[in-house]
Amino acid sequence: MANQEHLAVVKGGPKSIADWREENPGVALDLEGVDLSGADLKECKIRNANLRGASLAGALLFRASFAGADLARANLEGADMGRATLTGANLEGANLTNVNLYWADVKRASLRGANLRWSRVVRACFLSADLTGADFSLATMLEVDLRGTNLTNACFQSANMNGADMDRAVMTGADFTKAMIRDSMWTMSDMRGANFDQASLHRSDLSMAKFDDTTRFPKGFDPYHTGEKDVLG
């Protein structure tokens, strides 16, 4: 059950939160299950808060900080989280359908079983995040940073991942069917057991990636000769 005083503090905006934080250092905001749908919380610092099962659908969270926050099973559908900080946050089972995570910092976060269908995560950083079983179907993920991530059983069907950095990612059982993953980097990534059926991997560097007979590449695709990489400039 949420603390109603804490809810009032958050609804007061960035200054209200900052003032409360100064008077209550080390105390985590308890906002479990609250309804903040459509709320304007731009640039608010709600670090380490308990937001389990909360609704932030359609909320304006641009540059907001949820570092270390517990957002398990939270509803963030359609929220604007551009440039938001979610470092180390728990987003397991969260609904992030159609969310905007442009340039967001999601390093070391847990998104196990999270739903990110139709999301926009252009240039977002998921460094060392746990994306086990997450659904990124139809997501726009241009130049996304997925280095060191756990992509086990994650779904990227028809996602646009051109320019993605997949270095050292583990993707056993991951499904990239019909995904666009051109001009991407796969240094030391483990592609064994992943499905790339009908995906586009043209001009991607697989020279140091791990793959074997369990890796399902597109028909006719040669992982040793993917074509010269585009030079952008």
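Assorted remarks:
- Considering the range 115-143, and only residues there that are assigned to a strand (DSSP E or B) and under 20 Å from A89 (Cα atoms), the residue that is nearest to the chain's Cα centre (by Cα) turns out to be C125.
- Under the condition of being part of a loop (DSSP other than H, G, I, E, B), under 18 Å from L86 (Cβ atoms) and either over 10 Å from the mean Cα position of the chain (by Cα) or of a type in the set (D, E, K, R) (or both), the residues counted in the range 144-160 number 5.
- Matching residues in the range 4-37 - criterion: being closer than 16 Å to D70 by Cα, surrounded by fewer than 18 Cβ atoms within 10 Å (Cβ to Cβ) and either modelled with pLDDT under 95 or hydrophobic (A, V, I, L, M, F, W, C) (or both): L7, G26, V27, A28
- Residue check, T149 under 27 Å from A64 (Cβ atoms), modelled with pLDDT of 95 or more and among the polar types (S, T, N, Q): yes
- For the range 72-89, the count of residues that are without any contact (Cβ under 8 Å) to a residue 24 or more places away in the chain, under 22 Å from M141 (Cα atoms) and basic (K, R) is nonzero.
- For the range 103-122, the count of residues that are at pLDDT 95 or above, in contact with a strand residue (DSSP E or B) (Cβ under 9 Å, 6 or more places away or on another chain) and over 30 Å from R47 (Cα atoms) is zero.
- Residue list for the range 8-30, restricted to those being of a type in the set (A, V, I, L, M) and farther than 19 Å from F62 by Cα: A8, V27, A28, L29
- Matching residues in the range 188-214 - criterion: being of a type in the set (S, T, Y) and surrounded by 18 or more Cβ atoms within 10 Å (Cβ to Cβ): S189, S200, S204
The values are calculated or read from the model by the stated rules, or taken from the named source; none is laboratory data. Nothing here was measured: the structure is a model prediction, and the numbers come from that model. In this analysis, Cβ positions are derived from the backbone assuming ideal geometry, glycine residues included, and neighbour counts consider all displayed protein chains.
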